[in-house]
Amino acid sequence: MGAAQLPTTEFEDAGIDEPGGSLEAAQAAETAAPEDDMVQLLGPDGTLRHDATFSPFLERLTPEKLRGFYRDMATIRRFDQEATALQRQGELALWVPLTGQEAAQIGSGRATQPQDYIFPTYREHGVALTRGVDLSQLLKLFRGISNGGWNPKDNNFHLYTLVLAVQTLHAVGYAMGIQRDLAADPETEPAAAVAYFGDGASSEGDVHESMVFAASYNAPVVFFCQNNHWAISVPFEVQSRVPLVNRAGGYGFPGIRVDGNDVLAVHAVSEWALEHARSGQGPVLIEAYTYRVGAHTTADDPTKYRPAAEEDKWRAKDPLIRLETYLRAQNLADDAFFASIKNDGDELAAYVRKTTLAMTVPDIRSSFANVYAQAHPLVAEELAWFENYEASFADQGAGTVAGSTTENGAA
Amino acid sequence: MSALNTFNLPDVGEGLTEAEIVSWKVKLGDIVAINDVLVEIETAKSIVELPSPYAGLVAQLLVEEGQTVDVGTAIIRIGAAAEAAGAIPMYGAPAADVERAPVGKPLVGSGPKADAVKRRPRRTATPSVPTAAQSVTSAAPSVTMAAPAVATGTDSLVTPSSVPSFGSGANGTRDGRVLAKPPVRKAAKDLGINLADVSPTGPRGEVTKKDLLSYQDQRTAERDDAGSFWQPIRASGLGTAADQRVSRIQVRGVRKATARAMVESAFSAPHVSIFVDVDASRTMEFVKRLKNSRDFEGIKVSPLLILAKAVIWAAARNPSVNATWTGDEIIVKHFMNLGIAAATPRGLLVPNIKDAQDLSLKELAVAINELASTARAGRTQPAQMAGGSLTITNIGALGIDTGTPIINPGEVAIVAFGTIKQKPWVLDGEVLPRWITTLGGSFDHRVVDGDLSARFMADVASILEEPALLLD
């Protein structure tokens, strides 16, 4: 049963009396049944499982919301395919596919509230969707024409972080800020910060530091780790001898391992964790046990380091298929619903393609303009030097957008 | 008047400079939708399918299969939303397998080939420190730009002549993906060794430096041509004159393992060897018929196949020969992992056919061929050699009549298959030319007593004499 991972006393009492003891117990449980020792509400076969703690969360979900989960997951998968194709066509320098991790991202993203603040890695396309970010804006970074692409303040969805794991520190700092806002004005709406990271980032020192500070300050932060089993080519077993979720015990805050391919369980667990954080009870670590079905990035070839059989095993646990099975079995969705989603996906893909192709290279001068708010003699001098240097080339303004350019007219 | 859209080879990895066109998935005149797969390319990192950025009619394929071209080279022209547009869906499914196909391929990091240094041409008249080198580089691009125009010639499939330098690079990558790290590749290239010939032992099946070196040692040993064999070795300069009259071959790898296994077997298992001459004429006929039968078309059939079948058949009647001696018990196996000793570039290997008892004659033939070709190519994996239960050694392949084979450790019996040749044979009181072979067998006397080994060998012999008995 899932909650075994989480010392049962934690639900009654925010503090953990004997983290060491529970750690050992959790470890023993892990060796006994590593696969099952996680919260799961919707099994791979599309039928519901019971969980004493988290099943009640399902009652909050309307049929509309359930269909919405499916729509989100299918949409983001379609977007992912389009972006991958755009990379293969030379329109993006790189793409980071998320296929396989839809449930972990949509389930957790949909559990957040507008006042929460999200710190993503570079793979959180699904979370971006739940936060209402225009998906085509995600591609600016990967087209190499922007360091960001959207205004984080619009959706409380921070810019993608390419430096592994640093966003966990940012998230804790932000959460500590939330605490101070609350202290200054008790009327402030309670909020939480969410730090997304992966199993690879979990091996970085930054994650440790962020968890220490989160615990020290009892900061309202949810550490959401998508354990997708592969840090590029390094398997999870090499990175940790024990389940990642066990680490929470070491820092003294609750940890929950959840089936990351089960959108219902991820949503329930995330709601619990966010409420826990918002209500001042401190940080929570969620380990969403999932799998990166595709490559690490478009510049990676997983066939070089892992067997196809492993991928097949995980495809059988596909998050979309199991929710579709459930929706159909419960008569909550019909063929027309799924057809409309496919249509909408293609429309979105066409929109994303069109928007991306229309993106232009920003003038390099804007970089000089963004250094200081007001004119600055040193920047002006450097700009002049650059203009002079640029003028020394024979080919004026050679485009710097990734890869190919369209060349019309019969040659 | 439809405009043509040109698709230039993109950089599908991070910082790749070139790729080989492996195969076109479309042909001239095909109508493609956006994201339909156009072509398969192989980069320094891996094989990738490129989806079409345009919908329309395939008007020109600009690069031939097998050609390696630079990133940015125009590879295909597609007519913009062709006149027959009604039929063209703007959007194809990105590819058949939703999860698989569009997902990326190349491995992280830069490729094994150093990036070509390309400089933007400088204005010659610029005041900024002109050097000789700069004037050279400014001349170069105009040459490369002119080249494709020259090549634009006869038919629609134009080979840009601006890519002549890649002939050498295509060498190693063409015939399959041999895994090896760049320094090993470099060393192999320097030594003139084709990596595909080296048997890999790396944890992920890659050729290691050690593999390369032991291959090189073996090769040098073999290359010492007979003519100069008795000459003192001229090499080095180190060592004394006496040293030059012998050559020292490091015992490593398979040689070492073979030596250990043979000593272990020969000195721990009391061997008994017995021999029997067999008239294999009917086997030869049978093999001939199989070769001609349509069912076995394309499958290599040899007398070894019949012997293998005979051994499996005979082992079922005399189960103790298919066993392991552990000291306190005899483990009789109800399966036959039939080992076949093979001389390979790495040395003697005994890969086995798992559960050979379940295979039909045809399946067994295929299995033997696979096993042999894998072994000859030096690609036999450790798992294929583990868990053998009984072994055949085909010494006849070298023209030898018979010998006393040494049992493969962990087993209790081995059958040596001598050469089959025509000899005078007495049949019904007449001397006739018949196809005769000698079967030899060695048995671990701790497990297999004389009468059992004799019965087993007689059973095997009876099949070679009359393969029809297999039918019972």
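With neighbour counts taken as other beta-carbon atoms within 10 Å, the residues B:ILE420, B:ILE406 rank, fewest first, as B:ILE406, B:ILE420.
Along the range A:388-393 the Karplus relation, 6.51 cos²θ - 1.76 cosθ + 1.60 evaluated at θ = phi - 60°, assigns HN-Hα couplings of 5, 4, 4, 6, 7, 8 Hz to successive residues, with x for each Gly and Pro.
For the range A:270-405, the calculated P(r) over all alpha carbon pairs, in 5 Å bins from 0 to the bin holding the longest distance, is 2, 6, 7, 8, 9, 11, 12, 12, 10, 8, 7, 5, 2, 1 percent. In this structure the amide hydrogen of B:GLY339, modeled in the peptide plane, comes within under 5 Å of the amide hydrogens of B:ILE353, B:SER389, B:LEU390, B:THR391, B:ILE392, none closer than 5 places in sequence on its chain.
The simple spin-label model puts a point 7 Å past each Cα toward its Cβ; for B:LEU452 and B:VAL426 those points are separated by 3.4 nm.
Amide H contacts for A:ALA192 (H built 1.01 Å from N in the peptide plane; partners 5 or more residues away or on another chain; cut-off under 5 Å): A:ASP116, A:TYR117.
Sequence-ordered 3J(HN,Hα) estimates for the range A:120-136 from the Karplus curve with 6.51, -1.76 and 1.60 and θ = phi - 60° stand at x, 7, 10, 10, 8, 4, x, 5, 4, 4, 5, 8, x, 6, 5, 4, 5 Hz, glycine and proline given as x.
Within straight-line reach of B:LYS291, meaning a Cα separation under 26 Å, sit the following lysines at least 8 residues removed in sequence or on another chain: B:LYS300, B:LYS309, B:LYS354, B:LYS362, B:LYS421, B:LYS423. Using a Gaussian network model of chain A in which every pair of alpha carbons under 10 angstrom is joined by a spring, one finds that among A:ASN331, A:ASN246, A:ASN388 the greatest mean-square fluctuation is at A:ASN388.
Residue-wise HN-Hα couplings along the range A:289-300, as the Karplus relation 6.51 cos²θ - 1.76 cosθ + 1.60 with θ = phi - 60° gives them from phi, are 7, 9, 8, 7, 5, x, 7, 4, 9, 5, 9, 10 Hz; Gly and Pro carry x. Partners of A:LYS153 within straight-line reach, counting lysines whose Cα lies under 25 Å from its Cα and excluding those fewer than 8 residues away in the same chain: A:LYS140. Taking amide H positions as modeled 1.01 Å from N, with prolines and chain starts lacking one, the residues under 5 Å from B:ASN5 and 5 or more places away or on another chain are B:ILE78, B:GLY79, B:ALA80. Put simply, when B:323-331, B:371-379 are sorted by average Cβ atoms within 10 angstrom per residue, most first, you get B:371-379, B:323-331.
Cross-linked pairs B:LYS186/B:LYS209; A:LYS354/B:LYS25; B:LYS181/B:LYS210: Cα-Cα separations exceed 19 Å for A:LYS354/B:LYS25.
Just so you know, all these numbers are worked out from the coordinates, no wet-lab data involved. Model, not experiment: these values are computed from the prediction. Heads up, the Cβs are rebuilt from the backbone with ideal geometry, glycines too, and the neighbour counts pull from every protein chain shown.
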